[in-house]
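Asker: Can you read through this structure? Questions will come right after.
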Amino acid sequence: MKMTKRVYAQNIRLDVTYIDEVLIQPKRRLNSMYRNSMNPNAMVTNVQPVQVMVVEPYVYEAVTSLVGRRAVIDTARGTISGMIVDAKPDHVVVQEYDSTFFIRLCEVIWIMPDKAK
């Protein structure tokens, strides 16, 4: 005798088929509430890339207050000292003699105003 039972477990619907009280083949189906969220074909296919920019507001504020002054900036790659020429939300421009350095603010460890000439 063939018999089908519908069983729900953890938001998953199982249609279980028994023949002579022996489990034959479970068919796994998602509960209708979760069907669209887990179905890859139901997901949006025209996803556009989004540009993400990390802004560190306190570091940016500190750097903008030092524009036109000398400062020492420590990064993961070393220490740079010079005149802070410009500050943007994502980088700072430091000039020392004929060299210009563009330093990403997310790489800055600390900043110290330089009193030396």
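Asker: If you take every residue apart from Thr75 with its C-beta less than 12 Å away from the C-beta of Thr75, what net charge results, scoring Lys and Arg +1 and Asp and Glu -1?
Answerer: Working: positive: Arg77, Arg104; negative: Asp74, Glu107.
Summing Lys/Arg as +1 and Asp/Glu as -1 gives 0.
Asker: Quick check: net charge around Ile103, other residues with Cβ under 14 Å of its Cβ, Lys/Arg +1 and Asp/Glu -1?
Answerer: Numbers: positive: Arg77, Lys88, Arg104; negative: Glu56, Asp74, Asp86, Asp90, Glu96, Glu107.
Its environment carries a net charge of -3.
Bear in mind these aren't lab numbers, they're just calculated from the coordinates by the rules spelled out. Keep in mind that this is a model prediction, so the values were computed, not measured. Please note: Cβ atoms are built from the backbone with ideal geometry, for glycine as well, and neighbour counts cover all protein chains shown.
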